[in-house]
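Nothing in this text is a laboratory measurement; each read-out follows from the coordinates by a stated rule. Bear in mind the structure is a predicted one, so any value in this text is a computation, not a measurement. When we count neighbours, we look across all protein chains shown, and the Cβ atoms used for this are built from the backbone with ideal geometry, even at glycine.
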Amino acid sequence: MLYDLVSCPHRVAMDLFANPSERDAPNPFIQLLWEKGSLFENQVIEGLEVPFTDLSLEAGDEKERLTLEAMQRGDFLIYSGRIQAAGLLGDPDLLRREGDGYLAGDIKSGSGEEGPEDHSRPKKHYAVQLALYTDILERKGLSAGRRAFVWDINGEEVVYDFEELQGKRNPRTLWQDYQACLGEAKSIVDQASKTLAAYSSVCKLCHWYTACTSRLVNADDLTLIPQLGRTNRDTLMNRFPTILSLAESDPANFVVGKKTAFPGIGPATLEKFHARAQLITAGDQAKPYLREPITLPGAELELFFDIEVDPMRDVCYLHGFIERHHRNNETERFVAFFADEPTAEAERQAFEEAWCYLRERQSCVMYYYSKYERTIYRKLREKYPDVCTEEELEALFDPQRSVDLYYDVVLKATEWPTRDFSIKTLASYLGFAWRDPHPSGAASIEWFHRWVETGDATIRQRILDYNEDDCRATRVLRDGIDGLALKPR
Ligand code: SF4
């Protein structure tokens, strides 16, 4: 419950109180994550070289009784226990004795921390789970301290210290975050507070997607304005309960000096959301536009680039390019470099082949959508430094020859009458249709998993077709942006 609450409090309320018949069918990618999680946990446990108490075949009250017994005996390591105190219930994967008490741990088939390597930090959704176990241990007088650990996909033990301040810009402890989440969860369970759906990127993988989006559309909810989000909606909604009411307002009436009447929302941001609300409510008249003039670089050869990555296996398995000459769509050709196996050798080979392809096309202009491609290429270069130098890689992504259509163009200079700015949404708006009925990056990862398991060539082709369409969608968007007019002043 706490894990879900971190990404969406409404999800907790829906899971507890909504009509289950409104749930969407389980998402295959989420199912795959669960399967991979259990598989990884089994592998870790099978590989343990220390004796441990295994309670994985027990359930319910009996599991809880045996967990307590094992801790009272002082067993060193307890796998799959169950602990409970003061209405709090936890199923820690591990309980490890330290001195007179126990520390809780979870086995995670993801990295134990997030963010860039030099600034990695604990994951909040892991932290709240682990803090709950620690809280229960404390209440039972069995805690060895306000710490816990994650055994992660990289074979690392990552320590979560709940009393450490998270940083200068966030002088709070994880324990304080946990207390806040616990208070919010209790209030939802007791129905003392009401949650509201809020449209965000996490909705697309949630089993309440259909139910929530239909309610949001009926309510003309502000979170259907791109990038507005739950926090801003909650701040604005007393004054602007709908998109239409925001569109019909005059934002100047709410500006006081350099601030607005809404905490955390400056005049420029309010103006931006107001303009988006006007565009969304313009009906048939709604047309995307440029906020400022932009010039996209011209070149005889253009490449539209997209990669596919399996984050669970940490493998980049596909580099896809649509190449086009003289801006003539008749000349389009799809070129792909595929890692047929989820191994370092196959990944390296696909990266090297893609790199050779790019090196032979030095004079092209390359388009991609978001910083992801550049981030993954930097990681691949560090992993396989013999393929190319850092200078060569940075030259490839030099803004003179590479354009991040998302950050440098769409976000910086355009407006669209859509609820988000994903490539799927914008290219679809421009009339492009993916051949696959369920196109998504998450689906592609699930297909890759099935391709690896089965070797079924039709699945491999499905992945390639999906990637080709993503590349082509980037081209459609690039041309669509060319046709946008400046907003009349
Ligand atoms: S669809 Fe979105 S708003 Fe609704 S419960 Fe899921 S994550 Fe929350």
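Observations on the structure shown:
- Cα gyration tensor shape of the range 138-187, rounded if a/c is under 1.5, else prolate or oblate by comparing a/b with b/c: oblate
- Unsatisfied cross-links (Cα-Cα over 30 Å) in the set LYS123/LYS258; LYS124/LYS383; LYS272/LYS379; LYS63/LYS204; LYS36/LYS140: LYS123/LYS258; LYS272/LYS379; LYS63/LYS204; LYS36/LYS140
- Taking amide H positions as modeled 1.01 Å from N, with prolines and chain starts lacking one, the residues under 5 Å from GLY110 and 5 or more places away or on another chain are ILE153.
- Residues within the reach of a label modelled at MET237 (point 7 angstrom out along Cα to beta-carbon, backbone nitrogen below 15 Å), restricted to the range 13-38, are 13-14.
- Shape category assigned to the range 359-481 from the gyration tensor of Cα positions, a/c cut at 1.5: oblate
- Relative contact order (%) - the chain, alpha-carbon pairs under 8 angstrom, separation at least six: 11 percent
- Using the Cβ-Cβ distance between VAL256 and LYS487 with R0 set to 25 Å, the FRET efficiency works out to roughly 0.45.
- Between the beta carbons of LEU68 and THR210, assuming R0 = 41 Å, the FRET efficiency works out to 0.45 to the nearest 0.05.
- Projected onto their three principal axes, the Cα atoms of the chain cover extents of 76, 60, 46 Å, largest first.
- Residue separation of SER363 and ALA192 scaled by 0.36 nm, minus their Cα-Cα distance, works out to 55.3 nm of gained length.
- As a length-normalised measure over Cα pairs under 8 Å and 6 or more apart, the relative contact order of the range 301-482 settles at 24 percent.
- Here the mean projected area of the convex hull built on the C-alpha positions of the range 220-286 is 4.1 nm².
- Cross-link reach list, lysines versus LYS186, counting only Cα pairs under 17 Å and skipping chain neighbours closer than eight places: LYS194
- With θ taken as phi - 60° and the Karplus curve 6.51 cos²θ - 1.76 cosθ + 1.60 applied, the whole-hertz 3J(HN,Hα) list for the range 101-108 is x, 10, 10, 9, x, 10, 9, 10 Hz, x standing for glycine and proline.
- Extension gain (nm, one decimal) between ASP398 and LEU301, 0.36 nm per residue minus Cα-Cα: 33.3 nm
- Taken along the Cα-to-beta-carbon direction at a fixed 7 Å, the label points for ALA59 and LYS371 span 4.6 nm.
- For the range 129-182, applying the loop criterion from DSSP together with a ceiling of 13 other beta carbons within 10 Å to the GluC sites (Glu not before Pro) yields GLU156, GLU163.
- Report note on the peptides 37-49, 59-71: ranked by the mean count of other C-beta atoms within 10 Å, highest first, their order is 59-71, 37-49.
- Placing a label point 7 Å from the Cα of ASP340 along the Cα-to-Cβ line, the residues of the range 463-480 whose backbone N sits under 20 Å from it are 463-468.
- Sequence-separation-based contact order of the range 2-189, relative, with Cα cut under 8 Å and 6+ spacing, percent: 19 percent
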